[in-house]
Amino acid sequence: MTDRYCVFGNPVAHSKSPTIHARFAAITQQDMDYEKRLAPLDGFTASVHAFIAAGGRGANVTVPFKEQAFRLCSRLSQRAERAGAVNTLLFEGEEVLGDNTDGAGLVRDITHNLSFDLTGRRILLLGAGGAARGTLEPLLAAQPASLFVANRSADKAEALAAFFNSVITVNGGNFAKIAGKSFDLIINATSASLAGQTLPLPPGIFAAGSLAYDMMYGKGDTPFMQQARAQGAERCADGLGMLVEQAAEAFALWRKVRPETAAVLADLRTQINA
Ligand code: NDP
(Lines give C-alpha, C1' and ligand atoms only; values in the text may rest on other atoms or scores of the structure.)
Protein backbone atom coordinates (compact mmCIF):
# COMPACT_ATOMS: atom_id res chain seq x y z
CA MET A 1 0.00 0.00 0.00
CA THR A 2 1.21 3.52 -0.80
CA ASP A 3 2.49 5.31 2.34
CA ARG A 4 0.67 8.54 3.12
CA TYR A 5 2.13 11.85 4.29
CA CYS A 6 0.79 15.40 4.39
CA VAL A 7 1.38 18.98 5.47
CA PHE A 8 -0.98 20.54 8.01
CA GLY A 9 -1.43 24.32 7.95
CA ASN A 10 -4.00 27.10 7.93
CA PRO A 11 -3.77 28.49 5.33
CA VAL A 12 -2.04 25.71 3.40
CA ALA A 13 -3.06 26.24 -0.25
CA HIS A 14 0.21 28.09 -0.99
CA SER A 15 2.42 25.25 0.33
CA LYS A 16 5.14 23.99 -2.00
CA SER A 17 5.77 20.90 0.16
CA PRO A 18 3.65 18.50 -1.98
CA THR A 19 5.63 19.48 -5.10
CA ILE A 20 8.96 19.08 -3.28
CA HIS A 21 8.11 15.71 -1.71
CA ALA A 22 6.67 14.33 -4.95
CA ARG A 23 10.02 15.12 -6.61
CA PHE A 24 11.98 13.55 -3.73
CA ALA A 25 9.80 10.41 -3.93
CA ALA A 26 10.43 10.13 -7.69
CA ILE A 27 14.19 10.66 -7.30
CA THR A 28 14.50 8.04 -4.53
CA GLN A 29 11.83 5.70 -6.00
CA GLN A 30 9.65 5.71 -2.89
CA ASP A 31 6.03 4.58 -3.06
CA MET A 32 4.39 7.44 -1.19
CA ASP A 33 1.70 10.06 -1.46
CA TYR A 34 1.92 13.59 0.02
CA GLU A 35 -1.06 15.97 0.26
CA LYS A 36 -2.04 19.34 1.75
CA ARG A 37 -4.46 19.22 4.70
CA LEU A 38 -6.19 22.36 5.89
CA ALA A 39 -6.66 21.92 9.65
CA PRO A 40 -9.29 24.11 11.36
CA LEU A 41 -7.69 26.70 13.66
CA ASP A 42 -9.32 24.99 16.66
CA GLY A 43 -8.97 21.46 15.31
CA PHE A 44 -5.30 20.66 14.74
CA THR A 45 -5.06 17.71 17.16
CA ALA A 46 -8.27 16.13 15.82
CA SER A 47 -6.96 16.53 12.26
CA VAL A 48 -3.70 14.76 13.13
CA HIS A 49 -5.52 11.87 14.82
CA ALA A 50 -7.90 11.53 11.85
CA PHE A 51 -4.92 11.32 9.51
CA ILE A 52 -3.22 8.67 11.69
CA ALA A 53 -6.50 6.66 11.75
CA ALA A 54 -6.62 6.88 7.95
CA GLY A 55 -3.14 5.31 7.74
CA GLY A 56 -0.91 8.41 7.72
CA ARG A 57 2.78 7.66 8.34
CA GLY A 58 4.06 11.18 8.96
CA ALA A 59 3.41 14.86 8.40
CA ASN A 60 4.88 18.31 8.15
CA VAL A 61 3.42 21.14 10.19
CA THR A 62 3.39 24.76 9.17
CA VAL A 63 1.93 28.08 10.39
CA PRO A 64 0.22 28.37 12.88
CA PHE A 65 0.48 24.88 14.35
CA LYS A 66 4.17 24.27 15.15
CA GLU A 67 3.78 24.94 18.89
CA GLN A 68 0.61 22.82 19.09
CA ALA A 69 2.46 20.02 17.31
CA PHE A 70 5.21 20.30 19.95
CA ARG A 71 2.63 19.74 22.71
CA LEU A 72 0.95 16.84 20.92
CA CYS A 73 4.06 14.63 20.57
CA SER A 74 4.77 11.68 22.84
CA ARG A 75 8.51 11.93 22.06
CA LEU A 76 10.70 14.82 20.82
CA SER A 77 14.14 15.10 19.24
CA GLN A 78 16.60 17.24 21.18
CA ARG A 79 16.49 19.99 18.56
CA ALA A 80 12.66 20.08 18.67
CA GLU A 81 12.80 20.21 22.46
CA ARG A 82 15.15 23.23 22.34
CA ALA A 83 13.18 24.89 19.54
CA GLY A 84 9.88 24.57 21.42
CA ALA A 85 8.25 23.83 18.08
CA VAL A 86 7.77 20.85 15.74
CA ASN A 87 7.61 20.93 11.94
CA THR A 88 7.90 17.17 11.30
CA LEU A 89 5.81 14.33 12.75
CA LEU A 90 6.49 10.62 12.47
CA PHE A 91 3.77 8.15 13.46
CA GLU A 92 5.03 4.85 14.89
CA GLY A 93 2.39 2.62 16.48
CA GLU A 94 0.97 4.56 19.44
CA GLU A 95 3.86 7.04 19.39
CA VAL A 96 3.89 10.46 17.76
CA LEU A 97 7.52 11.53 17.32
CA GLY A 98 8.29 15.20 16.80
CA ASP A 99 11.30 16.81 15.15
CA ASN A 100 12.22 20.28 13.94
CA THR A 101 14.15 20.30 10.66
CA ASP A 102 14.00 24.07 9.97
CA GLY A 103 17.36 24.87 11.56
CA ALA A 104 19.13 21.91 9.95
CA GLY A 105 17.65 23.02 6.60
CA LEU A 106 18.97 26.55 7.08
CA VAL A 107 22.45 25.35 8.06
CA ARG A 108 22.60 22.89 5.17
CA ASP A 109 21.57 25.61 2.68
CA ILE A 110 24.21 28.02 3.99
CA THR A 111 27.09 25.57 4.37
CA HIS A 112 26.42 23.20 1.45
CA ASN A 113 24.44 25.07 -1.23
CA LEU A 114 26.04 28.47 -0.58
CA SER A 115 29.45 27.07 0.49
CA PHE A 116 29.63 29.44 3.48
CA ASP A 117 31.51 27.90 6.42
CA LEU A 118 29.97 28.89 9.76
CA THR A 119 32.92 27.92 11.96
CA GLY A 120 34.42 30.92 13.74
CA ARG A 121 31.98 33.40 12.13
CA ARG A 122 30.16 36.26 13.85
CA ILE A 123 26.43 35.70 13.32
CA LEU A 124 23.63 38.22 13.67
CA LEU A 125 20.14 36.74 13.86
CA LEU A 126 17.37 39.30 13.25
CA GLY A 127 14.06 38.34 14.86
CA ALA A 128 13.09 36.36 17.94
CA GLY A 129 9.95 34.54 16.80
CA GLY A 130 9.41 30.85 16.06
CA ALA A 131 11.75 30.69 13.07
CA ALA A 132 14.62 32.35 14.95
CA ARG A 133 14.20 30.06 17.94
CA GLY A 134 14.07 26.95 15.75
CA THR A 135 17.38 27.73 14.08
CA LEU A 136 19.50 28.70 17.10
CA GLU A 137 20.53 25.20 18.23
CA PRO A 138 21.74 24.02 14.77
CA LEU A 139 23.50 27.37 14.15
CA LEU A 140 25.38 27.08 17.46
CA ALA A 141 26.27 23.45 16.72
CA ALA A 142 28.19 24.73 13.67
CA GLN A 143 30.63 26.45 16.09
CA PRO A 144 30.40 30.14 15.16
CA ALA A 145 32.57 32.60 17.14
CA SER A 146 29.52 34.44 18.50
CA LEU A 147 25.84 34.99 17.91
CA PHE A 148 23.77 38.12 18.53
CA VAL A 149 19.95 38.07 18.45
CA ALA A 150 18.46 41.46 17.57
CA ASN A 151 14.72 42.04 17.68
CA ARG A 152 12.22 44.92 17.58
CA SER A 153 11.06 43.85 21.06
CA ALA A 154 14.34 43.68 23.00
CA ASP A 155 12.94 41.55 25.85
CA LYS A 156 12.23 38.63 23.49
CA ALA A 157 15.76 38.77 22.04
CA GLU A 158 17.30 38.93 25.51
CA ALA A 159 15.26 35.94 26.72
CA LEU A 160 16.21 33.88 23.67
CA ALA A 161 19.89 34.80 24.02
CA ALA A 162 19.87 33.87 27.72
CA PHE A 163 18.24 30.50 26.95
CA PHE A 164 20.79 29.59 24.28
CA ASN A 165 23.92 31.18 25.80
CA SER A 166 26.53 28.45 26.11
CA VAL A 167 30.22 27.94 25.37
CA ILE A 168 29.44 30.13 22.37
CA THR A 169 28.45 33.60 23.54
CA VAL A 170 24.88 34.52 22.64
CA ASN A 171 23.79 38.12 23.31
CA GLY A 172 20.54 39.86 22.54
CA GLY A 173 18.87 43.24 22.36
CA ASN A 174 17.08 45.67 20.07
CA PHE A 175 18.45 46.94 16.73
CA ALA A 176 20.20 49.92 18.38
CA LYS A 177 22.38 47.44 20.34
CA ILE A 178 24.16 46.30 17.15
CA ALA A 179 25.45 49.78 16.25
CA GLY A 180 29.24 49.74 16.00
CA LYS A 181 29.42 45.95 15.60
CA SER A 182 30.00 44.00 12.37
CA PHE A 183 29.02 40.47 11.37
CA ASP A 184 30.00 37.83 8.80
CA LEU A 185 26.52 36.33 8.48
CA ILE A 186 23.28 38.25 8.98
CA ILE A 187 20.10 36.17 8.93
CA ASN A 188 16.69 37.80 8.66
CA ALA A 189 14.21 35.70 10.63
CA THR A 190 11.70 38.55 11.04
CA SER A 191 8.50 38.68 9.04
CA ALA A 192 9.20 42.32 8.05
CA SER A 193 9.89 41.34 4.43
CA LEU A 194 6.43 39.73 4.23
CA ALA A 195 4.94 43.18 4.84
CA GLY A 196 7.38 44.76 2.38
CA GLN A 197 9.09 46.59 5.26
CA THR A 198 12.80 47.15 5.84
CA LEU A 199 14.59 46.97 9.20
CA PRO A 200 16.32 49.80 11.12
CA LEU A 201 19.81 48.35 10.60
CA PRO A 202 22.71 50.61 11.68
CA PRO A 203 25.39 51.30 9.02
CA GLY A 204 28.59 49.22 8.97
CA ILE A 205 27.18 45.95 10.30
CA PHE A 206 28.02 43.95 7.14
CA ALA A 207 31.68 42.85 7.40
CA ALA A 208 33.85 42.35 4.31
CA GLY A 209 32.82 39.08 2.59
CA SER A 210 29.55 38.91 4.55
CA LEU A 211 26.49 36.90 3.59
CA ALA A 212 22.98 38.31 4.09
CA TYR A 213 20.34 35.56 4.29
CA ASP A 214 16.58 36.19 4.27
CA MET A 215 14.45 33.25 5.44
CA MET A 216 11.65 34.67 3.31
CA TYR A 217 11.71 33.93 -0.41
CA GLY A 218 9.91 35.11 -3.53
CA LYS A 219 10.36 36.39 -7.03
CA GLY A 220 13.62 38.36 -7.27
CA ASP A 221 15.31 40.01 -4.29
CA THR A 222 13.31 40.42 -1.05
CA PRO A 223 13.22 43.88 0.63
CA PHE A 224 15.82 42.64 3.14
CA MET A 225 18.18 41.47 0.38
CA GLN A 226 17.88 44.87 -1.35
CA GLN A 227 18.59 46.65 1.92
CA ALA A 228 21.55 44.37 2.73
CA ARG A 229 23.11 44.90 -0.70
CA ALA A 230 22.74 48.67 -0.36
CA GLN A 231 24.38 48.53 3.10
CA GLY A 232 27.41 46.54 1.88
CA ALA A 233 26.61 42.81 2.08
CA GLU A 234 28.84 40.98 -0.40
CA ARG A 235 26.44 38.09 -1.01
CA CYS A 236 22.69 37.71 -0.56
CA ALA A 237 20.37 34.70 -0.52
CA ASP A 238 16.71 34.04 0.17
CA GLY A 239 15.12 31.14 2.07
CA LEU A 240 14.05 28.92 -0.82
CA GLY A 241 17.05 26.64 -0.23
CA MET A 242 16.11 26.40 3.46
CA LEU A 243 12.60 25.32 2.46
CA VAL A 244 13.91 22.53 0.21
CA GLU A 245 16.59 21.40 2.69
CA GLN A 246 14.21 21.23 5.69
CA ALA A 247 11.96 19.08 3.49
CA ALA A 248 14.89 16.80 2.59
CA GLU A 249 15.70 16.39 6.28
CA ALA A 250 12.07 15.42 7.03
CA PHE A 251 12.03 13.05 4.05
CA ALA A 252 15.23 11.37 5.32
CA LEU A 253 13.62 10.91 8.75
CA TRP A 254 10.55 9.24 7.24
CA ARG A 255 12.10 7.21 4.42
CA LYS A 256 15.68 6.62 5.69
CA VAL A 257 17.07 7.94 2.42
CA ARG A 258 18.31 11.49 1.73
CA PRO A 259 17.23 12.89 -1.64
CA GLU A 260 19.48 15.00 -3.85
CA THR A 261 18.15 18.55 -3.65
CA ALA A 262 20.03 20.58 -6.30
CA ALA A 263 17.70 19.91 -9.26
CA VAL A 264 14.56 20.31 -7.13
CA LEU A 265 15.78 23.68 -5.84
CA ALA A 266 16.76 24.87 -9.33
CA ASP A 267 13.34 23.93 -10.76
CA LEU A 268 11.48 25.64 -7.90
CA ARG A 269 13.56 28.77 -8.46
CA THR A 270 12.62 28.77 -12.15
CA GLN A 271 8.92 28.36 -11.28
CA ILE A 272 9.00 31.21 -8.76
CA ASN A 273 10.77 33.59 -11.13
CA ALA A 274 8.50 32.75 -14.09
P1 NDP B 1 6.85 35.00 14.08
O2 NDP B 1 5.54 35.67 13.91
O3 NDP B 1 7.01 33.93 15.11
O4 NDP B 1 7.95 36.12 14.42
C5 NDP B 1 8.01 37.30 13.70
C6 NDP B 1 9.29 38.07 14.03
O7 NDP B 1 9.39 39.17 13.12
C8 NDP B 1 9.33 38.66 15.44
O9 NDP B 1 10.66 38.64 15.91
C10 NDP B 1 8.83 40.11 15.20
O11 NDP B 1 9.32 41.03 16.15
C12 NDP B 1 9.48 40.39 13.87
N13 NDP B 1 8.83 41.44 13.07
C14 NDP B 1 7.62 41.37 12.46
N15 NDP B 1 7.38 42.51 11.77
C16 NDP B 1 8.47 43.31 11.95
C17 NDP B 1 8.82 44.62 11.51
N18 NDP B 1 8.01 45.33 10.72
N19 NDP B 1 10.01 45.13 11.89
C20 NDP B 1 10.84 44.42 12.68
N21 NDP B 1 10.57 43.18 13.13
C22 NDP B 1 9.40 42.63 12.78
O23 NDP B 1 7.24 34.48 12.62
P24 NDP B 1 8.22 33.24 12.25
O25 NDP B 1 9.38 33.30 13.17
O26 NDP B 1 7.42 32.00 12.20
O27 NDP B 1 8.65 33.58 10.73
C28 NDP B 1 9.60 34.62 10.44
C29 NDP B 1 9.97 34.57 8.94
O30 NDP B 1 10.67 33.37 8.62
C31 NDP B 1 8.76 34.62 7.98
O32 NDP B 1 9.11 35.52 6.93
C33 NDP B 1 8.66 33.21 7.47
O34 NDP B 1 8.10 33.17 6.17
C35 NDP B 1 10.12 32.78 7.45
N36 NDP B 1 10.31 31.30 7.50
C37 NDP B 1 10.92 30.69 6.43
C38 NDP B 1 11.13 29.32 6.42
C39 NDP B 1 11.78 28.67 5.22
O40 NDP B 1 11.78 27.44 5.12
N41 NDP B 1 12.37 29.41 4.31
C42 NDP B 1 10.73 28.47 7.56
C43 NDP B 1 10.12 29.22 8.65
C44 NDP B 1 9.92 30.58 8.61
P45 NDP B 1 8.53 41.31 17.55
O46 NDP B 1 8.93 40.21 18.48
O47 NDP B 1 9.05 42.64 17.98
O48 NDP B 1 7.06 41.30 17.22
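The values are calculated or read from the model by the stated rules, or taken from the named source; none is laboratory data. Keep in mind that what you see is a predicted model, and the values were worked out from it rather than measured. Note that each Cβ is placed from the backbone with ideal geometry, even for glycine, and that neighbours are counted across all protein chains shown. What goes into the accessible areas is simple: the full protein's heavy atoms, side chains included, and nothing from ligands, DNA or RNA. Shrake-Rupley method; radii C 1.70, N 1.55, O 1.52, S 1.80 Å.
Against the condition closer than 26 Å to Leu265 by Cα and either in a helix (DSSP H, G or I) or open to solvent by less than 70 Å² (accessible area, probe 1.4 Å) (or both), how does Pro11 come out, does it pass? No, not satisfied.
Scanning the range 67-100 for residues that are part of a helix (DSSP H, G or I) and out of contact with any helix residue (DSSP H, G or I) (no Cβ under 6 Å at 6 or more places or on another chain) turns up Glu67, Ala69, Phe70, Arg71, Gln78, Ala80, Glu81.
Yes/no per residue for (1) open to solvent by less than 30 Å² (accessible area, probe 1.4 Å); (2) over 17 Å from the mean Cα position of the chain (by Cα); (3) away from the ligand (no atom under 12 Å from the Cβ):
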{"residue": "Gln226", "(1), (2), (3)": "no, yes, yes"}
{"residue": "Ala230", "(1), (2), (3)": "no, yes, yes"}
{"residue": "Ala233", "(1), (2), (3)": "yes, yes, yes"}
{"residue": "Gly239", "(1), (2), (3)": "yes, no, no"}
{"residue": "Phe251", "(1), (2), (3)": "yes, no, yes"}
{"residue": "Arg255", "(1), (2), (3)": "no, yes, yes"}
{"residue": "Arg258", "(1), (2), (3)": "no, yes, yes"}
{"residue": "Ala263", "(1), (2), (3)": "no, yes, yes"}
{"residue": "Thr270", "(1), (2), (3)": "no, yes, yes"}
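Just for the range 135-161: of the residues that are outside any helix (DSSP H, G or I) and within 13 Å of the ligand (Cβ to nearest atom), which one is most open to solvent (accessible area, probe 1.4 Å)? For the range 135-161, the residue satisfying everything is Arg152. Annotation for the range 74-90: no member residue is open to solvent by 20 Å² or more (accessible area, probe 1.4 Å) and of a type in the set (Val, Ile, Thr). Report yes if Arg57 is in contact (Cβ under 8 Å) with a residue 40 or more places away in the chain, in a helix (DSSP H, G or I), in contact with a helix residue (DSSP H, G or I) (Cβ under 8 Å, 6 or more places away or on another chain) and not small (Gly, Ala, Ser), otherwise no. No: the conditions fail for Arg57. Looking at this structure, is Ser166 more than 8 Å from the ligand (Cβ to nearest atom), among the small types (Gly, Ala, Ser), surrounded by fewer than 20 Cβ atoms within 10 Å (Cβ to Cβ) and modelled with pLDDT under 95? Here the answer is yes, as Ser166 does meet what is asked. Of the residues making up the range 116-134, those that are assigned to a loop (DSSP other than H, G, I, E, B), under 26 Å from Thr88 (Cβ atoms) and away from the ligand (no atom under 13 Å from the Cβ) number 2.
Say whether the condition of being within 21 Å of Arg23 (Cβ to Cβ), in contact with a strand residue (DSSP E or B) (Cβ under 8 Å, 6 or more places away or on another chain) and surrounded by 24 or more Cβ atoms within 10 Å (Cβ to Cβ) is met by at least one residue in the range 50-59. The answer is yes; a qualifying residue exists.
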